[in-house]
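Colleague: Please find one structure pasted underneath; my questions will follow.
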Amino acid sequence: MTIETFENIPKEHEQIADERAPLLPRNRDEETQVDKIGRASFHGSVFNLTCTIVGSGIMSLPATMKIVGVVPGVVLIVLAALLTQASIEMLLRFSKPESAYSYEDVLSGSTSSGVHHAGILEGWFGEHWWTSRAVVVLVLTAVVLVPFLCFKRIDSLRFTSAISFALAVVFLAVVIGITIYKFIMGSIEAPKYFPTVTNLSSFWELFTAVPVVIFAYLCHYNVHPIANELADSPSMPTVVKTSVALCAIVYVMTGLFGFFLFGDSTLSDLLSNFDTDLGIPYNSLFNDIVRISYAGHIMLVFPISFFPLRLNVDGLLFPSAAPLSSDNLRFGLVTVGLIAIILLGAIFIPSIWVAFEFTGATVGALLAFIFPACITLKDPHGIATKKDKILSVFMIIVAVFSNVAAIYSDAYSLLTA
C-alpha cells in the first residue's frame, strides 16, 4: 500500500471521510479502511485546539485561587495540564483520529451573589428592553455566531481561532498591566498563598475548584476532528503539547494576576469585577477594553466548540445516514435545533460558576480523564504499557474522588443556602 500526499491525489478520487466512523477499531484490518485526506496546517491545528481549550472557563480560575490559595492553585493548574496532555495522547494512541458557551453577560450584564453587575451596553445606554440578556443573546447569535456555524470543515475556523487567542492575550496583558500599576502604587493587598480550613465544610469546599480547572482544559471532543484534517498526522502529539503548554501559561497568569488584582473580592466570574472603579487612570476605558476583548474571544470560541457537538448529535440521531457535510438539509436542521437549545440555556442559566462546577464534576471528568483511561485499560491492540495502566487507574481514582467531593459540597451549599 502506497501513501500519497494530498497534492498527488486527483480531485476525482477525493472522498468525504465518514466522520462518524467508530472511534475504536473493531479489528486491525479496519484501520486501513478509512481514507484520510489532510488539508490543515500545523499552526492552524494549534490555533483551533488552543481556542477549544481557552474558553469561558478561564474567567473562573482567579476564583479557584481565592478558594485554594496561590500555591495549591498553581499546582492544580499545572497538574491538570499534565494530566490533560497525557489523556489526549492516550486517545490518539488507542483510537483512530479518522473517526469520528456563550458569553453575553459581558454585554448584557450578570448577577453574582445577588448583586447585578452592569454590562457594556447597560453602562453605555442604560437599562432598556434591547439591552436585556435575552435580546442580546438573540442578536449576537443571529448576527455574529450563525455565519461561523455554517462552515463544514473545522480547519475553516483557523483564522477566527487565531484572532480569538489574540483577544485573550490582549485581555490578559491589560489585567497584568493594571495589577503591576496598582502594585507599584501600593494598593495591592497581600494574597492568600494557602487555603484557610476552619471546619469540615471549608475542607470539602476546596474540592469545588477541581471541576472548574478540569472544565477549563476540556478539549478532548475536538481532538479527533482536528487530527482528521491535519495534513501531517504524526505531528498531532506535538500540536497537543504546544496547545496545552500555551494554555497552561495563560491560565497560570490569569489566575495569579486576576486574584492579585481583586484579592478576596474576586468573583466567580472575573469579568463581573470589571464594572467598578479600579483606582487607576482611564478606569472606564480599561474596563471596556477587558470586557470587549474577552467578549470577542468567547464569541469566536463558540463555533469551534459547536463543531463536535453538532457532529456527535447527528451521529446519535442519524447513525446510518451519510456524512453530515454531504447533506445540507440535515446540516441546517441539526444546527438550528442545537442553537435553539443553547439559546435557552444561555438565557436561563445566569451563573457560570454553577455550570462549571456541575459540568466539570460530571461530563468534564468523564470526557477528560475517565473515558480516555478506560479506553487505555481496554487496550484493543495490546500496546498499553504498565505505566499507561497505572496512570489510567490514577486518573480514574483522582477524578472520581475529587468530583464526588465537589458534588457533595455543591449540593450541601445549595441545600443550606
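The values are calculated or read from the model by the stated rules, or taken from the named source; none is laboratory data. All values reported here derive from a predicted model rather than from experimental measurement. Heads up, the Cβs are rebuilt from the backbone with ideal geometry, glycines too, and the neighbour counts pull from every protein chain shown.
Colleague: Taking region 170-188 as the region of interest, how many residues are basic (Lys, Arg) and either outside any helix (DSSP H, G or I) or modelled with pLDDT under 90 (or both)? Let's see the steps before the verdict.
Modeller: Filtering region 170-188 for residues basic (Lys, Arg) gives 182.
Applying the additional criterion that residues be either outside any helix (DSSP H, G or I) or modelled with pLDDT under 90 (or both) yields none.
Number satisfying all stated conditions: 0.
Colleague: Scan region 259-273 and report the pairs whose first residue is over 19 Å from residue 71 (Cα atoms) and whose second residue is part of a loop (DSSP other than H, G, I, E, B) and of a type outside the set (Asp, Glu), with Cβ atoms within less than 6 Å and a gap of 6+ or a chain change.
Modeller: 273/267
Colleague: Would you confirm whether or not region 358-366 contains a residue that is aromatic (Phe, Trp, Tyr), at pLDDT 85 or above and assigned to a helix (DSSP H, G or I)?
Modeller: Looking for residues that are aromatic (Phe, Trp, Tyr), at pLDDT 85 or above and assigned to a helix (DSSP H, G or I), one finds none in region 358-366, hence no.
Colleague: Looking at 272, 268, which one is in contact with a strand residue (DSSP E or B) (Cβ under 8 Å, 6 or more places away or on another chain), assigned to a helix (DSSP H, G or I) and buried (at least 17 other Cβ atoms within 10 Å of the Cβ)?
Modeller: Just a single option satisfies the conditions, and that option is 272.
Colleague: Looking at (1) surrounded by fewer than 21 Cβ atoms within 10 Å (Cβ to Cβ); (2) under 21 Å from the mean Cα position of the chain (by Cα); (3) not charged (D, E, K, R), find the lone condition where residue 315 falls short.
Modeller: Single failed check for residue 315: (2).
Colleague: Within region 52-71, can one find any residue that is surrounded by fewer than 19 Cβ atoms within 10 Å (Cβ to Cβ), assigned to a helix (DSSP H, G or I) and modelled with pLDDT of 85 or more?
Modeller: Yes, some residue in region 52-71 is surrounded by fewer than 19 Cβ atoms within 10 Å (Cβ to Cβ), assigned to a helix (DSSP H, G or I) and modelled with pLDDT of 85 or more.
Colleague: Let me ask another. Say whether the condition of being on the phi > 0 side of the Ramachandran plot and either modelled with pLDDT of 95 or more or of a type outside the set (A, V, I, L, M) (or both) is met by at least one residue in region 254-267.
Modeller: Yes: region 254-267 contains one or more residues that are on the phi > 0 side of the Ramachandran plot and either modelled with pLDDT of 95 or more or of a type outside the set (A, V, I, L, M) (or both).
Colleague: Of all the residues that make up region 162-188, how many are farther than 20 Å from residue 252 by Cβ and not β-branched (Val, Ile, Thr)?
Modeller: Kept after step one, since they are farther than 20 Å from residue 252 by Cβ, are these residues of region 162-188: 162-163, 181, 184-187.
Still in the running and not β-branched (Val, Ile, Thr): 162, 181, 185-187.
Result for region 162-188: 5.
Colleague: Give just the number: which of (1) under 23 Å from residue 400 (Cα atoms); (2) outside any loop (DSSP other than H, G, I, E, B) does residue 225 not satisfy?
Modeller: Of the numbered conditions (1) under 23 Å from residue 400 (Cα atoms); (2) outside any loop (DSSP other than H, G, I, E, B), the odd one out for residue 225 is (1).
Colleague: Which pairs turn up if I take residues in region 51-64 that are closer than 8 Å to residue 212 by Cβ and look for partners that are polar (S, T, N, Q) with beta carbon separation below 8 Å, at least 6 apart in sequence or on another chain?
Modeller: Every condition considered, the pairs that remain are 60/268; 61/254; 63/266; 63/268.
Colleague: Please specify each residue of region 52-97 satisfying the condition of being of a type in the set (S, T, N, Q) and closer than 30 Å to residue 228 by Cβ.
Modeller: Within region 52-97, 52, 56, 84, 85, 87, 95 meet the criteria.
Colleague: On to the next question. Out of (1) surrounded by fewer than 24 Cβ atoms within 10 Å (Cβ to Cβ); (2) of a type in the set (Ser, Thr, Tyr); (3) under 19 Å from the mean Cα position of the chain (by Cα); (4) modelled with pLDDT under 85, the odd one out for residue 293 is which?
Modeller: (4)
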